[in-house]
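A.B. asks: I'd like to ask you about the structure that follows.
The values are calculated or read from the model by the stated rules, or taken from the named source; none is laboratory data. On a predicted model such as this, the values are computed, not experimentally measured, just so you know. FYI the Cβ positions are ideal-geometry reconstructions off the backbone, even for glycines, and counts take in every protein chain you see.
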Amino acid sequence: MPKFAFVYHGGGMPETPEEGAKVMAAWTAWYGNMGESLVDGGAPVAQSHTVSADGVVENGGANPVSGYTIVSADDYAAACEMAKGCPMVQDGSGSVEVAQLVDMG
């Protein structure tokens with residue numbers, strides 16, 4: 001079954017422990033709903049940097065990455081349907097870029 005990367009853009013850090021618990025509960029529930037389709041829960045990432053061909057390093061870039069997850073799905077439509085349940089999409093704080101991983105083996 002094909003694998004897809006969910007690349008997160010946006011979102012933010014919770015400001016209180018209570019807010020953090022609520023956010024973690026939402027992510028845990030979403031991951032649970034994906035069941036065995038969840039290959040790697042991934043992680044949030046620190047500030048991204050973009051390196052261009054001329055060697056210039058830019059903090060963040062045009063659409064900074066805030067985290068990732070790897071899932072398995074039958075096709076793009078199924079993967080995108082899963083991505084719609086992402087807590088950041090649901091609360092409007094971010095977006096999910098969906099990209100199929102290419103097996104080079």
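A.B. asks: Give me the pairs: first residue in region 33-58 and polar (S, T, N, Q), second residue surrounded by 12 or more Cβ atoms within 10 Å (Cβ to Cβ) and outside any loop (DSSP other than H, G, I, E, B), beta-carbon distance under 9 Å, and six or more apart or on different chains, which are they?
C.D. replies: Taking only residues 6 or more apart or on different chains, the pairs are ASN33/MET82; SER37/VAL71; SER37/SER72; SER37/ALA78; SER37/ALA79; SER37/MET82; THR50/GLU58; SER52/GLU58.
A.B. asks: Within region 8-23, track down each residue that is in a loop (DSSP other than H, G, I, E, B) and either in contact with a Lys or Arg (Cβ under 6 Å, 6 or more places away or on another chain) or among the acidic types (Asp, Glu) (or both).
C.D. replies: Result: GLU15, single match.
A.B. asks: Mind listing whichever residues of region 27-47 are surrounded by 11 or more Cβ atoms within 10 Å (Cβ to Cβ) and over 14 Å from the mean Cα position of the chain (by Cα)?
C.D. replies: ALA29, ASN33, SER37
A.B. asks: Which of the residues belonging to region 35-77 are aliphatic (A, V, I, L, M), farther than 30 Å from MET1 by Cα and in a loop (DSSP other than H, G, I, E, B)?
C.D. replies: ALA46, ALA53, VAL56, ALA62
A.B. asks: Would you point out which residue out of MET13, MET1 is exposed (fewer than 10 other Cβ atoms within 10 Å of the Cβ) and either of a type in the set (Val, Ile, Thr) or modelled with pLDDT under 95 (or both)?
C.D. replies: None of the other options fit; the residue is MET13.
A.B. asks: Moving on. Can you pull out the residues in region 66-82 that are among the hydrophobic types (A, V, I, L, M, F, W, C) and buried (at least 19 other Cβ atoms within 10 Å of the Cβ)?
C.D. replies: VAL71, ALA73, ALA79, MET82
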